[in-house]
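Asks: Please read through the structure below; I'll follow up with questions.
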Amino acid sequence: AAIGRALEGRPEILALCGGDGSYFRAFTAIEDMSGGAPWPEILPLPAGTINNLAHAVQSMAASPERLLSRVVFDHARGIPHAKAEVDLFRVGERDVGYIFGAGMIVNFLRAYYATERPSPWSAARLIGRLIGSAAVRGPLQAKIFQPFEADVICDGERIPHRGFRMLIASSVRAIGLGFEPFYLAGRHPGHFHVLGGPARASRLIRRLPRFRKGFPANDPQLYDNLAGEMSVEFARPAWYTVNGDLLGPVSRIDLRRLR
């Protein structure tokens with residue numbers, strides 16, 4: 001309802017306050033109500049648990065209120081701001097986002113949200129525990145990196161894995177805590193970066209420095225490429241995430257360009 005009232009005034013800029021999950025819900029509503037018309041420009045105000053979009057477009061500020069105040073002040077005086085384009089994709093029939101995941105990322109988010117106060121600090125602590133668990137093949141890494149089976153087709157071609165522990169598609173480079181594993185995001189308009197395969201926790205953790213610097217994983221157990229469309233058919237119904245929100249379970253899900 002709030003999105004509908006905002007769009008009635010045909011705004012030049014629509015400020016959305018929240019994190020990635022709030023943006024996902026708002027973008028879905030905007031697309032539903034726009035009727036194919038161009039969207040207003042979006043100003044992401046970072047106030048959520050996870051703020052990958054705000055990091056991606058470098059709109060971070062000391063507070064959402066200060067950022068909004070600055071943009072309103074400058075806009076009223078005709079002072080331009082730098083703009084960034086982010087490719088969005090549709091997940092399933094309706095949802096609109098820029099990060100999709102299944103397997104490890106879903107299990108990690110469940111453990112993260114179960115902490116007393118989800119925050120970058122608690123996420124960093126969880127990663128530290130996960131690294132330690134992977135070193136001794138402990139129960140935490142086994143829980144987070146549970147294997148699953150799926151047939152994944154990207155742009156009409158089946159990717160060379162059927163067993164997975166991780167499957168993520170993203171059209172933004174960052175995925176939190178300074179990690180930028182999606183180095184291909186934004187290079188080809190209308191596409192997203194797909195990273196997934198059966199790699200175990202120990203293999204992925206050894207590649208954390210590369211993921212942090214935005215380098216290719218260089219791992220034969222990880223599919224690492226761009227796609228404009230992707231379909232995932234799970235062997236068993238599975239949960240998935242869009243922008244950090246947990247959804248499902250489903251037996252099949254499709255991703256495609258928004259427009």
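The values are calculated or read from the model by the stated rules, or taken from the named source; none is laboratory data. What you see is a predicted model; the values in this text were computed from it and never measured. Please note: Cβ atoms are built from the backbone with ideal geometry, for glycine as well, and neighbour counts cover all protein chains shown. Side chains are part of the model used for accessible areas, which takes the heavy atoms of the whole protein and leaves out ligands, DNA and RNA. Shrake-Rupley method; radii C 1.70, N 1.55, O 1.52, S 1.80 Å.
Asks: Only one of these is within 18 Å of the chain's Cα centre (by Cα), surrounded by 13 or more Cβ atoms within 10 Å (Cβ to Cβ) and in a helix (DSSP H, G or I): Ala54, Ala102. Name it.
Replies: From the options Ala54, Ala102, the qualifying one is Ala54.
Asks: Against the conditions (1) at pLDDT 95 or above; (2) among the hydroxyl-bearing types (Ser, Thr, Tyr); (3) farther than 18 Å from Leu246 by Cβ, where does Tyr98 fall short? Just the number, please.
Replies: In the conditions (1) at pLDDT 95 or above; (2) among the hydroxyl-bearing types (Ser, Thr, Tyr); (3) farther than 18 Å from Leu246 by Cβ, Tyr98 misses (3) alone.
Asks: State whether one or more residues within region 128-149 are in contact with a strand residue (DSSP E or B) (Cβ under 6 Å, 6 or more places away or on another chain), farther than 25 Å from Asp245 by Cβ and open to solvent by 40 Å² or more (accessible area, probe 1.4 Å).
Replies: No; the residues of region 128-149 include none that is in contact with a strand residue (DSSP E or B) (Cβ under 6 Å, 6 or more places away or on another chain), farther than 25 Å from Asp245 by Cβ and open to solvent by 40 Å² or more (accessible area, probe 1.4 Å).
Asks: For region 113-127, which residues satisfy the criterion of being under 20 Å from Ala47 (Cβ atoms) and not in a helix (DSSP H, G or I)?
Replies: Selection gives Thr115, Glu116, Arg117, Pro118, Ser119.
Asks: I would also like to ask the following. Take Asp151 and tell me if it is of a type in the set (Asp, Glu), more than 16 Å from the chain's Cα centre (by Cα) and part of a helix (DSSP H, G or I).
Replies: No: the conditions fail for Asp151.
Asks: Considering only region 112-121, I want to know if a residue exists there that is open to solvent by less than 30 Å² (accessible area, probe 1.4 Å) and not aromatic (Phe, Trp, Tyr).
Replies: The answer is no, given that none of the residues of region 112-121 is open to solvent by less than 30 Å² (accessible area, probe 1.4 Å) and not aromatic (Phe, Trp, Tyr).
Asks: Oh, and also: Collect the residues in region 1-26 that are open to solvent by less than 30 Å² (accessible area, probe 1.4 Å) and part of a helix (DSSP H, G or I), keeping them in residue-number order.
Replies: Within region 1-26, Ile3, Gly4, Asp20, Gly21, Tyr23, Phe24, Ala26 meet the criteria.
Okay, residues lined up against (1) in contact with a helix residue (DSSP H, G or I) (Cβ under 8 Å, 6 or more places away or on another chain); (2) touching a residue at least 12 places away in the same chain (Cβ under 8 Å); (3) closer than 14 Å to Gly97 by Cα; (4) outside any strand (DSSP E or B):
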site	(1), (2), (3), (4)
Ile205	yes, yes, no, yes
Pro216	yes, yes, no, yes
Leu226	no, yes, no, no
Arg236	no, yes, no, no
Trp239	yes, yes, no, no
Gly248	no, no, no, no
Leu255	no, yes, yes, no
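Asks: Look through region 110-159, keep the residues that are in contact (Cβ under 8 Å) with a residue 60 or more places away in the chain and touching a Ser or Thr at 6+ places or on another chain (Cβ under 6 Å), and return whichever of them is nearest to Met230 (Cα to Cα).
Replies: Ile153
Asks: Assess whether Arg252 counts as being among the charged types (D, E, K, R) and modelled with pLDDT of 95 or more.
Replies: The answer is yes for Arg252.
Asks: Of the conditions (1) crowded, with 19+ Cβ neighbours inside 10 Å; (2) modelled with pLDDT under 90, His193 satisfies every one except a single condition; which number is it?
Replies: Checking His193 against (1) crowded, with 19+ Cβ neighbours inside 10 Å; (2) modelled with pLDDT under 90, the one that fails is (2).
Asks: In region 188-201, is there at least one residue being assigned to a helix (DSSP H, G or I) and within 20 Å of Leu130 (Cα to Cα)?
Replies: The answer is yes, given that some residue of region 188-201 is assigned to a helix (DSSP H, G or I) and within 20 Å of Leu130 (Cα to Cα).
Quick grid of which residues meet (1) in contact with a Phe, Trp or Tyr (Cβ under 6 Å, 6 or more places away or on another chain); (2) closer than 23 Å to Tyr112 by Cβ; (3) modelled with pLDDT under 95:
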{"position": "Cys154", "(1), (2), (3)": "no, no, no"}
{"position": "Pro160", "(1), (2), (3)": "no, no, yes"}
{"position": "Ala169", "(1), (2), (3)": "yes, yes, no"}
{"position": "Ala185", "(1), (2), (3)": "no, yes, yes"}
{"position": "Gly197", "(1), (2), (3)": "yes, yes, no"}
{"position": "Ser202", "(1), (2), (3)": "no, yes, yes"}
{"position": "Phe211", "(1), (2), (3)": "yes, yes, yes"}
{"position": "Val242", "(1), (2), (3)": "yes, yes, no"}
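Asks: Within region 65-81, can you find the residues that are open to solvent by 60 Å² or more (accessible area, probe 1.4 Å) and free of Cβ contacts under 8 Å to residues at least 24 places away in the same chain?
Replies: If the condition is that a residue be open to solvent by 60 Å² or more (accessible area, probe 1.4 Å) and free of Cβ contacts under 8 Å to residues at least 24 places away in the same chain, then Glu65, Arg66, Ser69, Arg70, Val72, Phe73, Ala76, Arg77, Gly78, Ile79, Pro80, His81 are the ones that fit.
Okay, residues lined up against (1) surrounded by 15 or more Cβ atoms within 10 Å (Cβ to Cβ); (2) within 25 Å of Arg158 (Cβ to Cβ); (3) hydroxyl-bearing (Ser, Thr, Tyr); (4) out of contact with any strand residue (DSSP E or B) (no Cβ under 8 Å at 6 or more places or on another chain):
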| position | (1), (2), (3), (4) |
| --- | --- |
| Ile205 | yes, no, no, yes |
| Leu208 | no, no, no, yes |
| Ala217 | yes, yes, no, no |
| Val242 | yes, yes, no, no |
